[in-house]
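The structure appears below as structure tokens.
Derivation of every value follows stated rules applied to the coordinates shown; laboratory data play no part. For clarity, every value in this text was computed on a predicted model and none was experimentally measured. For neighbour counting, all protein chains shown are included, and Cβ atoms are generated from backbone atoms with ideal geometry for every residue, glycine included.
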Amino acid sequence: MTRTAQPTLPFEEIEYISLKEAARRYGVSYDTLRRRISEGKLPAVKGGYKLIRVLAKDVAKLFPPIPTVEPSDYPRW
């Protein structure tokens with residue numbers, strides 16, 4: 001009996017990180033992330049008494065980059 005190969009789906013990286021790591025990466029307070037979880041703005045998973053993990057991509061959505069303008073684009077006064 002031969003087996004046929006299952007179609008593969010594109011691999012999507014799923015990275016769960018701790019709140020401490022997320023706070024370090026984005027330069028925000030641990031408490032800020034806890035508040036966002038309480039407000040329902042940041043989904044999180046609890047895997048134990050003090051084990052809380054968040055998806056790195058969800059944290060990235062909370063802190064989008066701000067577009068900047070070159071100083072030369074400002075008109076002179």
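Within region 40-69, residues that are within 11 Å of I17 (Cβ to Cβ) have Cβ atoms under 6 Å from residues that are assigned to a loop (DSSP other than H, G, I, E, B) and not aliphatic (A, V, I, L, M) in these pairs: A56/E15; D58/P43, counting only partners at least 6 apart in sequence or on another chain. Within region 38-69, being aliphatic (A, V, I, L, M) and over 12 Å from the mean Cα position of the chain (by Cα) holds for V45, L51, I52, I66, V69. Of all residues in region 18-27, those that are touching a helix residue (DSSP H, G or I) at 6+ places or on another chain (Cβ under 8 Å) and farther than 12 Å from A60 by Cα total 2. Among the residues of region 48-75, those that are touching a strand residue (DSSP E or B) at 6+ places or on another chain (Cβ under 9 Å) and of a type in the set (V, I, T) comprise I52, V54, V59.
Residues in region 16-26: is at least one under 20 Å from I66 (Cα atoms) and among the small types (G, A, S)? Yes, there is a match, as at least one residue in region 16-26 is under 20 Å from I66 (Cα atoms) and among the small types (G, A, S). Only one entry of V45, V54 meets the criterion of being surrounded by 12 or more Cβ atoms within 10 Å (Cβ to Cβ) and in contact with a Leu (Cβ under 9 Å, 6 or more places away or on another chain), and that entry is V54.
May I ask you to verify whether G27 is loosely packed, with under 11 Cβ neighbours inside 10 Å and at positive phi? So G27 passes the test.
If you take the residues in region 27-49 that are among the aliphatic types (A, V, I, L, M) and in a loop (DSSP other than H, G, I, E, B), which one is nearest to P65 (Cα to Cα)? This residue is V28.
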